[in-house]
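Below is one structure, written out as structure tokens, with a few remarks after it.
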Amino acid sequence: MGARPKLLGHRVVARVTLDVAVRREFDYLVPAELESSVQEGTRVKVPFGPREVMGVVTKILDESPHGNLREIIKTVGGQALVTPSILRLVRWIADYYCCAPEIAMKAVLPDAVRKEEEGWRERLFVRALPVHGELPKLTKRQEDLWTIVEEWRELPLQELVRLAGTTSATIRRLEDKGLVSIAPQISERDPYGKEHILPTQPLELNAEQATALKEVVDAMERLAKPEENQAKRKGHGVFLLHGVTGSGKTEVYLQAIAHALGQGQGAIVLVPEISLTPQTVERFKARFSQGPQQTLVAVLHSHLSAGERHDEWHKIRQGRARIVIGARSAVFAPVEPLGLVIVDEEHEHSYKQEEAPRYNARDLAVVRGQQEGAVVVLGSATPSMESYHNVQRKKYGLLSLPERVDNITMPLVRVVDMRSAALKEKGISIFSPQLREAILQRLEKNEQVMLFLNRRGWSTSMQCPDCGHVAGCPNCSVSLTYHRAAQQLMCHICGHVEAAPTKCPEQGCGSAAIRFAGLGTEKVEAALAKGFPMARVKRMDSDTLKRKEDYRRILGDFRTGKIDILVGTQMIAKGLHFPNVTLVGIIHADLSLHIPDFRAGERTFQLLTQVAGRAGRGDIEGEVYVQSFTPFHPSIQYARRHDYAGFYDQEIEFRRELRYPPISRVALLTLRGRSEDRVKFFADHLRKEMDELAKELGDTVVAGPAPAPLLRAENFYRYQVMMRTAQMRELSHKLTGKLEALKIPDDIRLVIDIDPMTLS
């Protein structure tokens, strides 16, 4: 393999990234009969050792440095599945996030598209034929059937059987009489195809919205002019749209996309959670389902079936769907040409992929926009420190929407000191007297209430007061959470479940006085049912959402007034618009403040502001109660005043002092293994190697090794080395080579996380 370059004459060579974990690419000869069909991005089947494996062509070469090349066996699929622009992005991911090319490629192509056997689904369709003259004589059943066919014109045979309550044999009689044709055709699996969506028209923008839209449109037109040289095209291609909750960011998105479509370009819209997708899809389909800019809206996220994902992806690749909505993986959608990328709620940590390649979809959106000359809009009421810092450095343009639309006022936020409430109540209650009274008042007026607690289950721990035993997870360094409905103790890290005991399980104790401490959404729901028996209460967390349709059903019931009080975790904190919600209560505002992470203050501020933003979005002024044991913490006080700029100014000083992002970038190296001693020993060795690398780079700080905040997870002990640097591209590049030379024992795994969102 290390031979001198060998000229292969007229034989074309293809460089292929294989679907197997080999951390490198391989060269193959292209057979003469395949030369016209093999290009960059083509899926191919190739020999690899004794096996045949799938891969993607990443480069076409005239020669190879390797001899004895084997031939490509065949191509898979009609057109190149990976576009040249996406290939460029794959290379960037592999380089920056220190991962193998095949892992980067796997992130780009969904399984349903990569697999050779996946394909389009064919179904029998019934289509009405033109009738010349009088109808032939029909039976009563045939007449009823013909009426349905006339109305629909074309529909699947099985669907017609269901609608008419008949058999396929009866439908065949209509075919015999020349009224219909029955033939197979491709039937696309549309995850939202059964929904009836009423079209909408663009809304009139206020002055701030109009200014924001103009900036985005001007940038799109500037970037769309290839005749201008690069210097003239300078100017912002990335914007931070900082708009308070309810300021009409979505309408700006919709009208910006309309402009992109008018230019013959497509758009990608990223949303942070799958749960937000249905609502977003509905709004976008309603706007672009008809009219001169009518186009298909494709959806990409992990809750789609393999068939749905296959069909949606190919709609995009064929250019029929020019708008794509989805969670983080939608950033790879093969939209060509791409004019606009929108990242809604850009601050959300769910844009970060937690397994390799550990990319951040927000950052990739910016990179892809720059590579393809597309405008990128990052929208949020509570921007990430990184994005706002880039505004301060003039890397991004700032678009501000400081007011809610239709002159709706921001909700009044009241902070309740739970320390004094606990003294008055002689113990800690779930609801402060102030919140309890506010709930009663809103219920009396037939208004709705949302209560937020970012912790599911009944209690966070089970403890024996006699011997001190705390029920802990056998696999992780955490206590087990008690779920009363299921009578189970559960670990929310590894999923371990065991039956809840009725007495202390500790040998030699057996006390029946076991106590359940802490608070979860399940307990809040029960307390509401007891304290407000007339109210219709519903809980929304991952325990109650077992099926795909549960989320839409609960929100639909809440929207139509069938639910008075909605209790939930962070899935109710963002993106939801309910005009009749006039009160929001945050049960325990301190939860995220005390985690061992430099972003704890930022996360708390964002969460409180986002949750508070669900109140008062209609005609009635909203009110928010924040229950806290640290009521004077800056994150809580700035959130109370809806003061993002104030929060940023004080937080950036703390980050600057310790050289934490966005002042520098972080690479987190985590070693995990089953023996704590061996992991710690190798972590010490890793630290020495990283010290040498830091000296080479300069301006790089190495910290650790230290136990991870969660030392043991899923029976693996974890130690971390952290590197902080201002030159991450160079560090990433050198890190890959350094770690490949490092002899890591088989029983220890090294995880590299560039720009981590959590330190746990």
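If we scan the stretch 540-561, do we find a residue that is free of Cβ contacts under 8 Å to residues at least 60 places away in the same chain, assigned to a strand (DSSP E or B) and more than 20 Å from I620 (Cβ to Cβ)? Scanning the stretch 540-561, I find at least one residue that is free of Cβ contacts under 8 Å to residues at least 60 places away in the same chain, assigned to a strand (DSSP E or B) and more than 20 Å from I620 (Cβ to Cβ), so the answer is yes. Residues in the stretch 112-156 that are under 30 Å from H301 (Cα atoms) and either at pLDDT 80 or above or touching a Lys or Arg at 6+ places or on another chain (Cβ under 8 Å) (or both): A112, V113, R114, E116, R121, E154, P156. Would you tally the residues in the stretch 597-650 being small (G, A, S), assigned to a helix (DSSP H, G or I) and more than 26 Å from the chain's Cα centre (by Cα)? Number satisfying all stated conditions: 2.
Do you know which residues across the stretch 246-281 are modelled with pLDDT under 80 and either outside any loop (DSSP other than H, G, I, E, B) or not assigned by TED's automatic domain parsing to the domain that holds S380 (or both)?
The answer is I274, S275, L276, T277, P278, Q279, T280, V281.
Does Q392 meet the test of being more than 25 Å from the chain's Cα centre (by Cα), modelled with pLDDT of 90 or more, closer than 30 Å to C98 by Cα and not acidic (D, E)? In short, yes.
Could you tell me whether the stretch 303-315 includes any residue that is among the hydrophobic types (A, V, I, L, M, F, W, C) and modelled with pLDDT of 85 or more? Within the stretch 303-315 (the criterion being among the hydrophobic types (A, V, I, L, M, F, W, C) and modelled with pLDDT of 85 or more), the answer is no, since none of the residues qualifies. For the stretch 712-735, a residue qualifies if it is modelled with pLDDT of 90 or more and within 18 Å of F598 (Cα to Cα), and the qualifying residues are Y719, Q720, V721, M722, M723, R724, T725. Residues considered: V57, V82. Of these, the only one that is surrounded by 17 or more Cβ atoms within 10 Å (Cβ to Cβ), in contact with a strand residue (DSSP E or B) (Cβ under 7 Å, 6 or more places away or on another chain), touching a residue at least 40 places away in the same chain (Cβ under 8 Å) and part of a loop (DSSP other than H, G, I, E, B) is V82. Of the residues making up the stretch 461-486, those that are touching a residue at least 12 places away in the same chain (Cβ under 8 Å), surrounded by fewer than 20 Cβ atoms within 10 Å (Cβ to Cβ) and farther than 17 Å from A513 by Cα are P474, N475, S477, V478, S479, H483, A485.
Residues that are part of a loop (DSSP other than H, G, I, E, B) and surrounded by fewer than 24 Cβ atoms within 10 Å (Cβ to Cβ) within the stretch 307-333 comprise Q318, G319, R320, A327, listed in sequence order.
When E522, E506 are checked against the criterion of being surrounded by 13 or more Cβ atoms within 10 Å (Cβ to Cβ), part of a loop (DSSP other than H, G, I, E, B) and either out of contact with any Leu (no Cβ under 9 Å at 6 or more places or on another chain) or touching a residue at least 24 places away in the same chain (Cβ under 8 Å) (or both), E506 stands alone in meeting it.
Among the residues of the stretch 426-460, those identified as surrounded by 14 or more Cβ atoms within 10 Å (Cβ to Cβ), touching a Ser or Thr at 6+ places or on another chain (Cβ under 9 Å) and assigned to a loop (DSSP other than H, G, I, E, B) are E447, L453, N454, R455, R456, G457, W458, T460. When L364, L340, L378, L304 are checked against the criterion of being of a type outside the set (K, R) and part of a helix (DSSP H, G or I), a single residue qualifies: L364. Considering only residues in the stretch 570-596 that are modelled with pLDDT of 85 or more and in a loop (DSSP other than H, G, I, E, B), the one that is surrounded by the most Cβ atoms within 10 Å (Cβ to Cβ) turns out to be I587. Residues satisfying the criterion are absent from the stretch 680-697 (criterion: at pLDDT 90 or above and in a strand (DSSP E or B)). Of all residues in the stretch 387-397, those satisfying the criterion of being buried (at least 17 other Cβ atoms within 10 Å of the Cβ) and not aliphatic (A, V, I, L, M) are S387, Y388, H389, N390, Y396, G397.
The values are calculated or read from the model by the stated rules, or taken from the named source; none is laboratory data. Every value quoted in this text rests on a predicted model; they were computed, and no experiment measured them. All Cβ positions, glycine included, derive from the backbone under ideal geometry; neighbour counts span all protein chains shown.
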